[in-house]
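**Q** One structure is given below, represented as structure tokens, and several questions about it will come after.
The values are calculated or read from the model by the stated rules, or taken from the named source; none is laboratory data. All values reported here derive from a predicted model rather than from experimental measurement. Every residue, glycine as well, gets a Cβ built from its backbone with ideal geometry; the counts of neighbours run over all protein chains shown. Remember, those area values only see protein heavy atoms, side chains included, never the ligands or the DNA or RNA. Shrake-Rupley method; radii C 1.70, N 1.55, O 1.52, S 1.80 Å.
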Amino acid sequence: MVEVDVRGLSCPIPVVKTKKAMEQNPGQTLAVLTDNETTKENVSRLAENRGYQVQVEKMAGGYRLLLTPNKS
């Protein structure tokens, strides 16, 4: 699993970093760590548009998004 830590960053940087991780690790599950509600929404939207399932876990100080690619 690839971890993308975007805590403390504001959009669009977290979306760009997540997109880059998706492109560099096709077919792998990504864990995105964020401390921002807007980033959570934007990264979730990106993932869904690219065919990933999104699971959001609330954690101390933010969120952990598990992005799992759909098997096609």
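**Q** To the nearest 10 degrees, how steep is helix 37-49 against the longest Cα principal axis of the chain, on a 0 to 90 scale?
**A** Result, in degrees: 10.
**Q** On average over all directions, what projected area in square nanometres does the chain have, based on the convex hull of its Cα atoms?
**A** On the way: hull surface 16.5 nm².
About 4.1 nm², averaged over all directions.
**Q** Something else: Could you name the lysines whose alpha carbon sits less than 20 Å from that of LYS40, not counting residues in the same chain fewer than 8 places away?
**A** LYS17, LYS19, LYS20, LYS58
**Q** Accessible area of the chain with a 1.4 Å probe: how many percent of it is carbon plus sulfur?
**A** Exposed carbon and sulfur together represent 46 percent of the surface.
**Q** Just want to confirm a number: the relative contact order over the chain, from Cα pairs under 8 angstrom separated by 6+ residues, in percent. Intermediate values should be presented prior to the final figure.
**A** Details: 120 pairs, mean separation 23.1, N = 72.
Across the chain, relative contact order equals 32 percent.
**Q** Write down the accessible area per residue of the chain in Å², having rolled a 1.4 Å probe over the full set of protein chains. Mind dumping the intermediate values first?
**A** Working: 4310 Å² over 72 residues.
Roughly 60 Å² per residue, with all protein chains present.
**Q** Using the charge dipole of the chain (Lys, Arg: +1 at Cβ; Asp, Glu: -1 at Cβ; taken about the Cα centre), state which of ASN42, GLN24, GLN53 has its Cα farthest towards the positive end.
**A** GLN24
**Q** Tell me, in nm to one decimal, what length is gained between GLU3 and GLN28 on full extension, where the rule is 0.36 nm per residue of separation less the Cα-Cα distance? Write out the running numbers ahead of the final one.
**A** Values: separation 25, 0.36 × 25 = 9.00 nm, distance 1.05 nm.
Going from the current span to full extension adds 7.9 nm.
**Q** Which residue fluctuates most in the GNM of the chain (Cα springs below 10 Å): LYS19, LYS40, LYS58?
**A** LYS58
**Q** What fraction of the DSSP beta bridges in the chain is antiparallel, stated in percent and rounded to the nearest 5?
**A** Values: 13 of 17 bridges.
Close to 75 percent.
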